[in-house]
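Accompanying notes for the structure given below.
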Amino acid sequence: MGLKPLKIAKHTIKYPIFQGGMGVGISWDRLAGNVSKEGALGIISAVGTGYYQKMQFVEKITNSKPFEAINFYSKQALNEIFKNARKICGDKPLGANILYAINEYGRVVRDACEAGANIIVTGAGLPTNMPEFTKNFPDVALVPIVSSAKALRIICKRWMDRYARIPDAVVVEGPLSGGHQGFSYEDC
Ligand SMILES: Cc1cc2nc3c(=O)[nH]c(=O)nc-3n(C[C@H](O)[C@H](O)[C@H](O)COP(=O)(O)O)c2cc1C
């Protein structure tokens, strides 16, 4: 195909293509697992995992919804999603997308590491403390989504000062993308 592999920290992605994380059921085990199986990077969304498989992994439901962040971002369901994705893609690189703006961001990052994510991608905010939550997982690559050089400079400076590291890669999204970058209506 003429595409060269992409190396991010210890992980080699055969084709340099990321499947963007898409929340609430869009990029879970089947989509992300198959993308990784085919040699690109599949990314599991950590948003709304409580809804996975008819909410069967949730401890408490009220008004037909997972109750509070602990259930909406269900660790048990995320584990199942990774387990089922791994059945499809084996040990090929597989990522997790975790929006910085969510409740219990740090806990969900740890959950994703424990579930077996190789790469964590975070947008929707400036993840200035992201490395804090992956201390025990040195092989997990950290990839912020940025929409400006200024945002990346702030992240790099904070990470260097506090954790002596910089991002393993960055995703750059411009105003024409479908992401969460905080551009104004006019920019788009
Ligand atoms: C339906 C939908 C859901 C999305 N959910 C997320 C999400 O949960 N987290 C995130 O970082 N980006 C999310 N995105 C953004 C995508 O991951 C991707 O970065 C963005 O769409 C830019 O790629 P594109 O230009 O090919 O659309 C979503 C996009 C779509 C279309």
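The values are calculated or read from the model by the stated rules, or taken from the named source; none is laboratory data. Predicted model, so just to flag it, every value in this text is computed and none were measured. Because the Cβ atoms are built from the backbone with ideal geometry, glycine has one as well, and the counts that use them run over all protein chains shown. SASA here: full protein model, heavy atoms, side chains in, ligands and nucleic acids out. Shrake-Rupley method; radii C 1.70, N 1.55, O 1.52, S 1.80 Å.
Each Cα pair under 8 Å and six or more residues apart adds its sequence gap; the mean of these over the residue count of the chain is a relative contact order of 16 percent. Peptides 84-91, 122-129 ordered by packing proxy, namely the average of other Cβ atoms within 10 Å per residue, highest first: 122-129, 84-91. Measuring nothing but protein heavy atoms, the accessible surface of segment 1-140 at 1.4 Å probe radius is 53 percent carbon and sulfur. Computed over protein heavy atoms with a 1.4 Å probe, the accessible surface of segment 17-103 works out to 49 Å² per residue.
Checked against a 21 Å cut-off, the cross-linked pairs LYS14/LYS150; LYS54/LYS75; LYS7/LYS75 give Cα-Cα distances beyond that limit for LYS14/LYS150; LYS7/LYS75.
Measuring between their Cα centroids, segment 1-40 and segment 57-125 lie 17 Å from each other. Along the charge dipole of the chain, pointing to its positive end and built from +1/-1 on Cβ of Lys, Arg, Asp and Glu, which listed residue (LEU31, PRO127, GLY90) has its Cα farthest out? Result: GLY90.
Taking every DSSP bridge with both residues inside the chain, close to 25 percent are antiparallel.
Among beta bridges identified by DSSP and lying wholly in segment 24-134, the antiparallel ones come to about 20 percent.
Ranking ILE61, ALA77, ILE102 by how far each Cα lies toward the positive end of the dipole of the chain (charges on Cβ) leaves ALA77 at the top.
What is the dipole size for the chain, taken about its Cα centre, with +1 at each Lys and Arg Cβ and -1 at each Asp and Glu Cβ, in debye to the nearest 20?
It works out to roughly 440 debye.
Summary of packing: across the peptides 15-21, 61-67, 48-54, the per-residue average of other C-beta atoms within 10 Å ranks them, highest first, as 48-54, 15-21, 61-67. Just the number: Rg to Rh for segment 6-172, Cα atoms, Kirkwood Rh, two decimals. Here the Rg-to-Rh quotient is 0.96. Residue order by solvent-accessible surface for TRP159, TRP28 is TRP28, TRP159, largest first, with ligands and nucleic acids left out and a 1.4 Å probe.
Taking the helices alone, the chain has a mean residue ellipticity at 222 nm of -9000 deg cm²/dmol, built from -39,500 (n - 2.57) per DSSP H run of at least 4 residues and averaged over all its residues.
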